[in-house]
Amino acid sequence: MLKKENLLFTAWAASFTAMLGSLYFSEVVGYEPCELCWYQRILMYPLVLILGIAIARKDIKAAVYSLALSGIGGLISLYHYGIQKIDFLSDAAPVCGRVPCTGMYINWFGFITIPFLALIAFTIIFVSSLLILKRKGA
């Protein structure tokens, strides 16, 4: 059974990796984020700080905040991935700025896109946070 502190670290590591990945894609490779990517960043970046402080203070109550932020971020990522990969969603997708949200800078193995990577990170954070809260009494 995983300890709550390890789950907290897992959530932090996922948020930190996602932040570094998004910064790599935009600042090193030069991919300009679309509007939905910005929303996902707005929800991911604070998690690095919140979870980092929670680890330092051994404050498992921070899982409440990470659960909420990762849940919302995961829904945005899922929608973003859907408008990239599902035809009827992409046809009905609104224009969302200078960079189209339906565009795919990467498409590794035919299914791994940037919103998919964000969805994986948000899912890891969400599940870790949920497990921490379920074991609160333990």
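The values are calculated or read from the model by the stated rules, or taken from the named source; none is laboratory data. This is a predicted model, so every value here is computed, not measured. We place every Cβ from the backbone using ideal geometry, glycine too, and count neighbours over all the protein chains shown.
Look through Ser26, Ser90 and report the one residue that is in contact with a Ser or Thr (Cβ under 7 Å, 6 or more places away or on another chain), of a type in the set (Gly, Ala, Ser), in a helix (DSSP H, G or I) and surrounded by fewer than 19 Cβ atoms within 10 Å (Cβ to Cβ). Give the derivation first.
Details: Ser26 fails: in contact with a Ser or Thr (Cβ under 7 Å, 6 or more places away or on another chain).
Result of the check over Ser26, Ser90: Ser90.
Pull up the stretch 95-114, narrow it to residues that are exposed (fewer than 12 other Cβ atoms within 10 Å of the Cβ) and within 11 Å of Glu35 (Cα to Cα), then point me to the one that is modelled with the highest pLDDT.
Among those that are exposed (fewer than 12 other Cβ atoms within 10 Å of the Cβ) and within 11 Å of Glu35 (Cα to Cα), it is Arg98.
Does the stretch 56-73 contain any residue that is in a loop (DSSP other than H, G, I, E, B) and more than 24 Å from Thr113 (Cα to Cα)?
Here is the first cut: in the stretch 56-73, the residues in a loop (DSSP other than H, G, I, E, B) are 58-59.
Then keep just the ones that are more than 24 Å from Thr113 (Cα to Cα); that gives 58-59.
Scanning the stretch 56-73 turns up at least one residue that is in a loop (DSSP other than H, G, I, E, B) and more than 24 Å from Thr113 (Cα to Cα).
For (1) more than 16 Å from the chain's Cα centre (by Cα); (2) hydrophobic (A, V, I, L, M, F, W, C), each residue gets a yes or a no:
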position: Ala14; (1), (2): no, yes
position: Val28; (1), (2): yes, yes
position: Trp38; (1), (2): no, yes
position: Leu49; (1), (2): no, yes
position: Ala54; (1), (2): yes, yes
position: Ile72; (1), (2): no, yes
position: His80; (1), (2): no, no
position: Ile83; (1), (2): yes, yes
position: Leu89; (1), (2): yes, yes
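Looking at (1) out of contact with any helix residue (DSSP H, G or I) (no Cβ under 9 Å at 6 or more places or on another chain); (2) at pLDDT 95 or above, which one does Tyr81 not meet, given that it meets all the others?
Tyr81 satisfies all of (1) out of contact with any helix residue (DSSP H, G or I) (no Cβ under 9 Å at 6 or more places or on another chain); (2) at pLDDT 95 or above except (1).
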